[in-house]
Amino acid sequence: MRGANRAARLAAQISLLLVLLATSCFLMLRTYLGDPEQNFNDGAINHVVDKGPVTVGGLSWQLDSMTVYTRLVDTEGEEISIDQPAGSVIVVAQLRVTALDGFRLKKDGFHCFATLRDDRGNNWQATSAYKFVIPTSCSDSDHPVVRNKPYKLAQVFVVPKEALSHLQGVVIVNRDDYERFLITV
């Protein structure tokens, strides 16, 4: 009888040890594995879409092309001044943005932007290129956005030449649901 008690106590101790070990692993890892806000803050891409469309916050985004330039010119052929360090090139992502039903359109437009991403996790913010042939902002009073009609938009990025072969596409962020959409070409 004494041997049976020892075996039962040993089995209970091992079971308790396994429960405590599993609980501690769960408590340590749950903030990293199950927390969408933490994953978002770490830069995780949730969805990869080929060309689009992707609907985020009442806007539909579609990537038409990404083109590399050494310099940009306006409609009159004059060079557009952009801060461009030595060894960098200009990448223009042409997008179609559609304001869907329910999206609040203001008189002066709205704020819309995308970031350029490469396969090494680098991100580039769009730069201003006024007088470009395609509007570079969704708040252009000369080219108003019309609901349910695609709006052609150019996002201009300055990137190092060595990053060109690693470019993946543009990233659209949905901060409300902690999501990032990578739209590839």
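The values are calculated or read from the model by the stated rules, or taken from the named source; none is laboratory data. All values derive from a computational prediction rather than experimental measurement. All Cβ positions, glycine included, derive from the backbone under ideal geometry; neighbour counts span all protein chains shown. These area figures cover heavy atoms from the full protein model, side chains too; ligands, DNA and RNA do not enter into them. Shrake-Rupley method; radii C 1.70, N 1.55, O 1.52, S 1.80 Å.
Assorted remarks:
- Close pairs from segment 17-34: first open to solvent by 100 Å² or more (accessible area, probe 1.4 Å), partner at pLDDT below 90 and not in a loop (DSSP other than H, G, I, E, B), Cβ under 9 Å, at least 6 apart: 32/38; 32/39; 33/39
- Counted residues, segment 134-146 - those being in contact (Cβ under 8 Å) with a residue 40 or more places away in the chain and open to solvent by less than 40 Å² (accessible area, probe 1.4 Å): 3
- Any hit, segment 76-89, residues being among the hydrophobic types (A, V, I, L, M, F, W, C), open to solvent by less than 20 Å² (accessible area, probe 1.4 Å), within 21 Å of residue 52 (Cβ to Cβ) and touching a residue at least 60 places away in the same chain (Cβ under 8 Å): no
- Every residue from segment 98-133 that is within 25 Å of residue 82 (Cα to Cα), buried (at least 16 other Cβ atoms within 10 Å of the Cβ) and touching a residue at least 40 places away in the same chain (Cβ under 8 Å): 112, 114, 115, 116, 117, 118, 129, 132
- Qualifying residue in segment 46-57 (condition: under 27 Å from residue 176 (Cβ atoms), open to solvent by 50 Å² or more (accessible area, probe 1.4 Å) and among the polar types (S, T, N, Q)): yes
- Residue tally, condition under 16 Å from residue 115 (Cβ atoms) and either open to solvent by 40 Å² or more (accessible area, probe 1.4 Å) or in a loop (DSSP other than H, G, I, E, B) (or both), over segment 147-177: 5
- Just one of the listed residues (73, 171) is β-branched (Val, Ile, Thr), at negative phi and over 16 Å from the mean Cα position of the chain (by Cα), namely 73.
- The residues of segment 35-45 that are open to solvent by 60 Å² or more (accessible area, probe 1.4 Å) and not charged (D, E, K, R), listed by number, are 36, 38, 41.
- Any hit, segment 99-112, residues being assigned to a strand (DSSP E or B) and under 18 Å from residue 173 (Cα atoms): yes
- Residue check, residue 130 over 17 Å from residue 59 (Cα atoms) and aromatic (Phe, Trp, Tyr): yes
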